[in-house]
Amino acid sequence: MDRWGREALEGLLSVAAYLGYAEHCAVGGAGGSVFKGFRQRSAGPLWAMFKRCATATGAKWEFGKELLSLSATPVLEEIDTAVSQVAFAKHGKRAEHLDYPRVLEKIGNALAKAVHGRVLGYFEDAKRKPFSMNTFQGIFRNARGASPPFIDVYEYEGREDFPSEFVFLFDVETGIGLPLFPLVVRGLDRARSHHEEPDFFLYDIVRAGEKEIAFKAVQERDEVVSSADGRFPELFETAAAVVKEDAQTTLIKDVKLRPRSLD
């Protein structure tokens with residue numbers, strides 16, 4: 001129970017922290033050092049990064065404004081305690097009983113509010129619109145459900161041909177999107193069977209004197225390690241730059257997403 005509770009807690013904190021950090025960089029946090037001390041995706045560093053971002057730029061958040069309740073009392077104290085107890089247990093120290101369902105419910109409810117009316121996913125099959133020089137059409141696949149292939153599909157029209165490896169959170173009504181690259185990506189496991197859809201991967205840990213950055217799959221499988229002279233050097237270059245300095249993130253605008261009819 002402790003293992004699964006801890007992994008669930010770290011999973012939810014990962015989503016909250018990465019959403020918060022992405023928006024932090026988009027609304028004025030670029031050039032800082034919030035991510036510089038983040039070396040491992042575990043409960044303590046995730047929670048600390050989220051709180052730093054919320055304090056610095058939370059008043060400007062749109063995508064993550066519903067998450068700000070996590071950094072306010074009394075929820076703040078509950079999560080602080082939970083994160084401390086997880087750290088004790090992981091380091092072989094005596095920890096008090098942790099009510100995982102209660103803490104997970106608090107974080108899960110905040111995340112549910114944050115993504116309400118929004119879609120989290122990726123673009124596919126974008127092509128230039130006939131007779132247009134700068135408009136693309138394709139689909140956006142909303143990652144809703146237990147696993148791929150996701151059938152919640154939107155028709156896309158906009159000014160960019162986005163790589164299918166990039167993951168975004170989009171507000172369908174406003175057409176504004178928050179890019180989550182390089183913290184959340186997909187397509188790192190293309191060597192798997194062609195019958196299986198690529199998984200989502202989360203930035204996980206820096207190793208080997210910052211010469212390797214590992215990404216953890218959402219499903220339980222082997223990690224993928226990126227490096228400058230190994231696999232996925234472009235991904236490594238972008239992620240390594242973020243480790244050194246918080247990068248400028250630009251919100252995606254003027255995107256049209258229309259639900260595809262199942263008829």
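The values are calculated or read from the model by the stated rules, or taken from the named source; none is laboratory data. The structure displayed is predicted, hence computed values, not measured ones. Note that we place each Cβ from the backbone using ideal geometry, even for glycine, and neighbour counts take in every protein chain shown.
Residues in the stretch 145-167 that are at pLDDT 90 or above and part of a loop (DSSP other than H, G, I, E, B) were compared, and the one that is surrounded by the most Cβ atoms within 10 Å (Cβ to Cβ) is 167.
Going by the conditions given, is residue 102 of a type in the set (Lys, Arg) and under 20 Å from the mean Cα position of the chain (by Cα)?
Working: of a type in the set (Lys, Arg): yes; under 20 Å from the mean Cα position of the chain (by Cα): no.
Answer is no for this residue.
Residues of the stretch 219-248 that are out of contact with any Leu (no Cβ under 7 Å at 6 or more places or on another chain), among the hydrophobic types (A, V, I, L, M, F, W, C) and part of a loop (DSSP other than H, G, I, E, B): 228, 247. One residue stands out among those in the stretch 38-55 that are charged (D, E, K, R) and free of Cβ contacts under 8 Å to residues at least 60 places away in the same chain: the one that is surrounded by the most Cβ atoms within 10 Å (Cβ to Cβ), which is 52.
The set of residues from the stretch 20-37 being in contact with a helix residue (DSSP H, G or I) (Cβ under 7 Å, 6 or more places away or on another chain) and surrounded by 21 or more Cβ atoms within 10 Å (Cβ to Cβ) comprises 20, 21, 24, 29, 34, 35. Whenever a residue of the stretch 75-86 is farther than 10 Å from residue 9 by Cβ, its partners that are of a type in the set (Val, Ile, Thr), lying with C-beta atoms within less than 8 angstrom and at least six residues away or across chains, give the pairs 78/103. Applying the set (1) over 15 Å from the mean Cα position of the chain (by Cα); (2) at pLDDT 95 or above; (3) surrounded by 13 or more Cβ atoms within 10 Å (Cβ to Cβ) to residue 229 leaves exactly one unmet item: (3).
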